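See below for the structure under consideration.
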Amino acid sequence: MKDKIVLITGSGRGIGKAIALRFGQLGAKVIVNDINPDTAEAASTEIKKAGGEAINIVADVSNKLAVQTMHYEIIEKFGRVDVLINNAGVEPTGSILTMDEWAWDRTLNVNLKGAFLCSQTVGRAMKEQGGGVIVNISSIAGRAAGLRDRAAYVASKTGLVGFTRECAREFAAYNIRVNAVCPGVIITEMTSHLRQNETQMKKWMEDIPQARLGEPDDVTGLVIFLCSDESKYITGQAFNVDGGKVMS
Ligand code: NAP
């Protein structure tokens with residue numbers, strides 16, 4: 001990963017931040033994107049304090065102009081993007097019968113359209129530069145039924161697995177590989193409110209053979225592998241990182 005230019009969306013905290021820190025440790029030049037300026041800056045400062053190289057760019061990945069402006073800034077500074085991790089995500093809860101249209105749109109716009117906009121914008125440049133790697137952070141919710149009150153989230157993450165397949169098919173001609181990583185329940189802000197629910201926790205533990213929730217660091221190894229030449233014949237695939245969670 002030494003000197004690779006790596007853009008990780010939504011990497012101010014959680015899984016994205018863990019991925020950004022790992023790339024920083026491996027010598028990559030890391031672009032921390034987030035919609036939150038405070039966490040974006042704090043994450044890039046942490047990478048630099050650990051001896052890595054990083055900049056932070058605040059942008060809403062669901063906004064085409066913002067994505068293109070972010071990309072322009074990266075090209076101005078580094079001249080290319082070698083790796084794109086589409087990680088930014090939101091997970092509102094609510095039943096289909098009461099869900100607000102805004103919540104549906106926001107979820108699909110950030111989780112799915114955001115990955116499309118970033119892949120399109122960065123993909124055009126990767127095509128010109130002769131190749132690259134994209135990893136989409138989907139979810140086990142995108143691969144199996146069984147996530148109550150999260151229809152928009154499940155739809156977005158299922159869509160992201162499909163988008164990964166089609167993006168890989170189209171981009172293969174340009175030496176760009178595209179894969180999806182599908183985490184199980186990982187300990188981050190996104191799951192903090194769920195982890196306070198004892199009944200929910202008990203149910204999860206029964207379903208996870210390794211009998212623990214994941215840490216953000218549990219996801220990084222697979223992401224690094226998929227971005228390295230060790231996986232050069234792998235594209236269009238989705239891989240679970242979930243402690244062996246039983247699909248129900
Ligand atoms: P998280 O802690 O909530 O972090 C998500 C980050 O994305 C936050 O910093 C958030 O900013 C940022 N973000 C939200 N909307 C954005 C936008 N429009 N543009 C740019 N950044 C934006 O979540 P996480 O648990 O680390 O999740 C990371 C990814 O993994 C998500 O795609 C999620 O769906 C997926 N995932 C998570 C789990 C899990 O159990 N945690 C499981 C499966 C998949 P704010 O601070 O403003 O919210």
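For the range 1-138, which whole-number percentage of the solvent-accessible area (1.4 Å probe, protein heavy atoms only) is attributable to carbon and sulfur atoms? About 51 percent, which is the carbon plus sulfur part of the accessible surface. Put simply, the amide H of Val241, placed in the peptide plane, has neighbours under 5 Å in Cys182, Gly184, leaving out anything fewer than 5 places away on its chain. Could you give the dipole magnitude of the chain about its Cα centre, charging the beta-carbon of Lys and Arg +1 and that of Asp and Glu -1, in debye to the nearest 20? Roughly 460 debye for the chain. Taking θ as phi - 60° and the Karplus parameters 6.51, -1.76 and 1.60, the scalar couplings of the range 231-238 work out to 10, 5, 9, 10, 8, x, 9, 10 Hz in sequence order, x denoting glycine and proline. Note on the chain: helix-only mean residue ellipticity at 222 nm, from DSSP H runs of 4+ residues weighted -39500 (n - 2.57) and normalised by residue number, equals -14000 deg cm²/dmol.
Backbone phi angles across the range 71-77, fed through the Karplus curve with coefficients 6.51, -1.76 and 1.60 (θ = phi - 60°), yield HN-Hα couplings of 5, 4, 4, 5, 5, 4, 7 Hz in residue order; Gly and Pro are listed as x. In straight-distance terms, cross-link reach from Lys49 covers every one of the aspartates and glutamates whose alpha-carbon lies under 18 Å from its own, apart from those fewer than eight places away in the same chain; here that gives Asp3, Asp38, Glu41.
Remark: for residue pairs Lys4/Lys157; Lys2/Lys232; Lys48/Lys232; Lys4/Lys232, the C-alpha separation exceeds 23 Å in Lys4/Lys157; Lys48/Lys232.
Rolled with a 1.4 Å probe across the full set of protein chains, the surface gives Ser95 an accessible area near 40 Å².
The values are calculated or read from the model by the stated rules, or taken from the named source; none is laboratory data. The model shown is predicted, which means the values in this text are computed figures rather than measured ones. Virtual Cβ from ideal backbone geometry, glycine too; neighbours counted across all protein chains shown. Each accessible area value is taken on the protein alone, full model and side chains, heavy atoms only, with ligands, DNA and RNA left out. Shrake-Rupley method; radii C 1.70, N 1.55, O 1.52, S 1.80 Å.
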